[in-house]
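**Student:** Before anything else, here's the structure in question.
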């Protein structure tokens, strides 16, 4: 195997485990999470320009995995299947956030309905439990804008609860 | 949605991931490790993440192995997986992998252009900084250290004649083409790596790098004279110069 291929595998070994952990947590299904991770790394292999100088490969992959998972959740067919996994959801890590399988299912269903910008911030804040500063770094905006988005997210959630 | 449960001073998953990937600056790395040593929650969390990482890699130790894990129920996905696996097996990914780790291409190099002219969509220069085992994209105004290695890329919609010059507090020199009197002719390319790297010497202070792109052949010495005399107008017609300023400081 070439030295360069070794290098890509080194990148895979450094980053694929965390990409999978997040995808599995977001989607609640290991097989779909594996597909997402595969798609993200294959895409990176084929079009490395998309990395575009993020502050780290980790931040790039947080964003890429989040987008890929949200797309899966929004896809009707996938969403139905993923939401049906409710009771059989993958064991969730004990930290950083405890939630029942039902709560996770509700969260995933909400993510699928949220506008894209809010959905991303919701993932980073509620699933990843990142700080405003870290979310700003991932999204590429100011901390105050993150605060604004989280406020809009609260309003959206309240309106949805009111409508239901 | 539930409020966050992570205490604000605890290490986030993102920070842990960057730590595990070796992406943190030394000071941030020390801070993460110091906090984790004294925090039961973070000690547990880091152990969990390391265990998850090991479990994943046992299952799929490399990309080709992972490709075999992925369910093949979609024809397109299946084709993509086998294509990726065969690329790795055949070593065909040379340029892509190299680009990822060392010479990562980019669409917007964000280089300054403070001399000559630059047409929209024209040739561009990019660069990457390798420090130890870490490689990051470089940007104008970056702080660099002696011993850092720079690698350069270019993008050009058409063949172009090219030279890369530099000047620091003590001298000016030619980075590329090494030892040639005439500028190198580069083929059209989209973020193509140049086949050399430069290790920064110990001269501290401002370092200017000049990328000279011309549509016709030119003498490197003439270009160097024009640049050092701050007379880019002396360059052949239709040339343009991109300038990158770096600040070389001692490593701590």
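The values are calculated or read from the model by the stated rules, or taken from the named source; none is laboratory data. A quick note: this is a predicted structure, and the numbers were derived from the prediction, not measured. Cβ sites come from the backbone with ideal geometry, for glycine too, and all protein chains shown count toward neighbours.
**Student:** Filter region B:34-57 down to residues that are closer than 28 Å to residue B:144 by Cα and at pLDDT below 90, then give me how many there are.
**Tutor:** Adding up the residues that qualify gives 0.
**Student:** Being modelled with pLDDT of 85 or more, farther than 13 Å from residue B:201 by Cα and not in a strand (DSSP E or B) is the filter here, so list the residues in region B:236-252 that pass it.
**Tutor:** B:239
**Student:** Right, here's the next one. Just the residues that are crowded, with 19+ Cβ neighbours inside 10 Å and touching a helix residue (DSSP H, G or I) at 6+ places or on another chain (Cβ under 9 Å), please, taken from region B:199-226.
**Tutor:** B:210, B:212, B:214, B:223, B:226
**Student:** Next up: Exactly one of (1) modelled with pLDDT under 85; (2) touching a strand residue (DSSP E or B) at 6+ places or on another chain (Cβ under 7 Å) is unmet by residue B:177. Its number?
**Tutor:** Among (1) modelled with pLDDT under 85; (2) touching a strand residue (DSSP E or B) at 6+ places or on another chain (Cβ under 7 Å), residue B:177 violates only (1).
**Student:** Further question on the same structure: Which of (1) in contact with a helix residue (DSSP H, G or I) (Cβ under 9 Å, 6 or more places away or on another chain); (2) surrounded by fewer than 19 Cβ atoms within 10 Å (Cβ to Cβ) does residue B:60 not meet, given it meets every other one?
**Tutor:** Every condition holds for residue B:60 apart from (2).
**Student:** Is there any pair with a first residue in region B:29-46 that is at the interface with chain A (Cβ under 10 Å from one of its Cβ atoms) and a second that is in a helix (DSSP H, G or I) and at pLDDT below 90 whose Cβ atoms are under 9 Å apart and which are 6 or more apart or on different chains, and what are they?
**Tutor:** Pairs that qualify, where the first residue is at the interface with chain A (Cβ under 10 Å from one of its Cβ atoms) and the partner is in a helix (DSSP H, G or I) and at pLDDT below 90, are B:42/B:36; B:45/B:36.
**Student:** Do you know which of the residues in region A:38-62 that are facing chain B (nearest Cβ under 7 Å) and at pLDDT 90 or above is nearest to the chain's Cα centre (by Cα)?
**Tutor:** Only one residue tops the list, namely A:62.
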